[in-house]
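Beneath this line is the structure, given in structure tokens, with notes to follow.
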Amino acid sequence: MNVEQNTERDLAKQYLLNTKEHVFLTGRAGSGKTTLLQEVIKATDKNTVVVAPTGVAAINAGGVTIHSFFQLPPSNFLPVDRSFMGEGYTTRSLLKEHLKVNEDKRRLIQELEMLVIDEISMVRADLLDAIDFTLRYLRGSTQPFGEVQVVMVGDLYQLPPVVNEAEWSAFKDYYKTPYFFDSLVWKQAKMIPLELKKVYRQKDQAFLDVLNNIRDGQPRPEDLALLNTRHNPAEEASSAAILLTTHNRKADRVNQKELEAIKNPKLVFEAKVSGKFNEGAYPAAEKLILKKGAKIMFIRNDREQRYYNGKLAEVVSYDSDLQKLKVKFQDDNTTCWIEKALWEKIKYGTGDSGTITQEVAGSFTQFPVRLAWAVTVHKSQGLTLEAVRLDLESSFAAGQTYVALSRCTTLEGLIMTSKIEAQQVIIDQRIRRFYGGFPAADIIAERLPMAKKAFALYRIQRRFKLFSLLINLQKWKKYVDKSGFSEKKEYTDVIDEIHGVLFKLKDTSIDFQKHLQNWSAQSMTDDKMLDHLLDRSDKAIVYFTNTLFEGTVKPLHQHISDIQHKAKVKKYLGLAVKLYDEIWRKIEQLYSLSLYDQKICTAEKQHKKTDLPDWKSARIQTTKKKGATYDITLEFFREGLSIPAIAEKRGLSAGTIEGHMSKWLKAGKIKITELLSEGRLEELVAAKKQVTAYDGFGDLMGKMNMDCSYSELRWIVWYTEESEIEV
């Protein structure tokens, strides 16, 4: 696609990449909305998530459905706090009770910077308000969309939202129309409308003018007359063009009839589905039935550019195991072998560094084709077709005539089975009024420099947030608290030290961000205040990096070095390393902080990861003789080493060594008096004698009401209950 000299496109790209403004990206069919969106997602460093209202739309956009990402219930949303008498409706209070998200989902929402909603024309006002409420609630914000930049992509002249009479009777007290632009949040969000006007699909200006008038619902008599020159029902039987019709059953009937007319044997291609991939979101037929000579249409673009979404071809041959098809393209009669394509269902998560990651939750593998003698107008959305035969006799919904006509690249490639009448060009006047209220492109362009400046200052504020560090610290601490370690002091001391430093720094961070926010607002119009902000940020970078290095990096580095070779601390060590890496990432972020490509930190970089010894390379590799570990412990014990000394020498925890001692105690190899002093033994026996019944060691420790370890409990239980000693 040639995208040179496209002012609206360049302006839209600047807003999407370099501002935090909410954007409504729209444009005529074939104007390159999808291509631009893909470019932006690839280029941006913002934490971005793509959602769409339906499963198929989500797969095509490379995202997930709105309901699955936000975990919304399958019901209608009413923007009120009180309960609503009626099934199938969710209010704010009910939605708040429903949003019991786990830690990972909450973190993902917290880290989100840009939310892309594709096919926005299909999103109703109530659903957009539900998204807004969810973001505000989970992010603890009162701002529209919880301060997440929202990018809405779609053309309201094409796919409208669906609402039945019963639903509208409940909605009409809250919404003027079901369209997203009448949601409550739309009135608060100050959306920037950006319309792509250059169309790449059609080159003939006369045909383009006709399509634009059809889109606007104002076709001139000469427009209809020009279109009706393509009325030629006699060509229906012989035309190689694809039939567009309004109903699935007619398209299916035509395709099956044409397929059955071919005398060659049927070929059945089964799709391969793995992981989580809902049947309703299958992008192609699960069981694709073809024949040699079948007319097919590609339903996605090829990375190698051999075919594109909407390209027509004919099945020529296939390989022996049905893994390849040989096709002949209709436009130039060239042939090509094609393979099955892979569609992936995306699951969003957060990486160790706090960035939003994409994981594959499921996949669908099938030839990216469908039978192409006929297809519905709805399924033709997004296609570029060189030859189209239109069946316009059935009643059309708003915008459907425009969608059908705009699929075709040229007027010459269009054939109509019936003439188009003015009454078939249906347009919702509410949409026309909405588009008519857009500010001029030059006004939007004038706002861009200030919007870019606001975004740059906003990113400075975000760099001083410690959210990801605190999340990793809490995960680490939570694991230690629940791990069941009998002795945790050497671990908890380090955690407590780092916890104290980070939470004290968090308070400083919150206070500094308030100042930054105030200075940022003033510096939008006052360059002296901007200089002050940069000077204070420079000093803050030095303070934050020094505090993080001295108070967290150094003790963590030493702790990891000390325990890296110990057994049974793999998960603990992994969590410590994640926090360690995350702190270094924050230090690097602060050092690299810039405004308009100019670094803020003027001092020389004081702390570098390479300055510390590489504790990973110092990892001690040990080989253990299976079954001998208890014997080694016993040998060291016989040599007179204490339990802590054995643990240190062997690189094991003291609790593990105590477990070895329990085995030898029960085996009669050692005596309990070798483990406990006479006074300690008497003390434990007396306390245990007072407990007649208990449920587990935790309950026993509570009832004995004395300070002791779990190993001591095991020993005294064996001594008083398992042995035959009279107490």
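A few comments on the model shown:
- Remark: spin-label model distance residue 689-residue 573 equals 4.6 nm, labels positioned 7 Å along the Cα→Cβ axis.
- Annotation for the range 492-597: trypsin sites (Lys or Arg not before Pro) lying in DSSP loop with at most 13 further Cβ atoms inside 10 Å of their Cβ are 568.
- Sulfur and carbon atoms: percent of accessible area, the range 106-167 [1.4 Å]: 46
- Taking the protein heavy atoms of the range 180-288 in the context of the full set of protein chains, the accessible area attributed to carbon and sulfur is 48 percent at 1.4 Å.
- Once the Cα atoms are used to define both axes, helix 33-43 deviates from the longest principal axis of the chain by about 30 degrees.
- Two-site FRET efficiency, residue 507 against residue 435, from Cβ-Cβ distance with R₀ of 41 Å, rounded to 0.05: 0.25
- Each peptide in 405-414, 470-479 receives the mean, over its residues, of other Cβ atoms within 10 Å, and ordering these scores from highest gives 405-414, 470-479.
- Take each peptide in 330-341, 601-612, count the other Cβ atoms within 10 Å of every residue, and average; sorted highest first, the result is 330-341, 601-612.
- Computed from Cα atoms, the angle from the helix 7-18 axis to the main principal axis of the chain rounds to 10 degrees.
- For the residue pairs 13/599; 203/328; 197/345; 176/198; 272/347; 203/324, the alpha carbons lie more than 28 Å apart in 197/345; 176/198; 203/324.
- Computed from the C-beta positions of residue 525 and residue 168, the FRET efficiency with R₀ = 35 Å rounds to 0.15.
- Accessible area per residue, Å², the chain with all protein chains present, probe 1.4 Å: 49
- Toward the positive end of the charge dipole of the range 436-539, with +1 on the Cβ of Lys and Arg and -1 on the Cβ of Asp and Glu, the farthest Cα among 480, 517, 457 is that of 480.
- Within the range 61-122, trypsin sites (Lys or Arg not before Pro) in DSSP loop having at most 16 other beta-carbon neighbours inside 10 Å: 82, 100
- DSSP bridge pairs, the chain: antiparallel proportion in percent, nearest 5: 55
- Loop-located GluC sites (Glu not before Pro) in the range 60-131 (DSSP state other than H, G, I, E, B) with a sparse environment of at most 14 neighbouring Cβ atoms within 10 Å: 87.
- Helical contribution to [θ] at 222 nm, DSSP H n ≥ 4, -39,500 (n - 2.57), averaged over the chain, rounded to 500: -13500 deg cm²/dmol
- Assigned charges on the beta-carbon of Lys, Arg, Asp, Glu; the chain dipole about Cα centre (debye): 860
- Dipole of the chain, positive direction: furthest Cα of 369, 664, 500, with charges on the beta-carbon: 369
- The candidate values are (1) 110, 75, 57; (2) 88, 59, 54; (3) 86, 66, 64; the one derived from this structure for Cα extents along the principal axes in Å carries the label (1).
- Protection proxy ranking, peptides 262-271, 6-15, 303-312, 556-565, average beta carbon neighbours within 10 Å, highest first: 6-15, 556-565, 303-312, 262-271
The values are calculated or read from the model by the stated rules, or taken from the named source; none is laboratory data. Computed from a predicted structure; not experimentally measured. Using ideal geometry, Cβ is built from the backbone for each residue, glycine included, and neighbour counts are taken over all protein chains shown. Accessible surface is based on the protein model in full, side chains and every heavy atom, while ligands, DNA and RNA are left aside. Shrake-Rupley method; radii C 1.70, N 1.55, O 1.52, S 1.80 Å.
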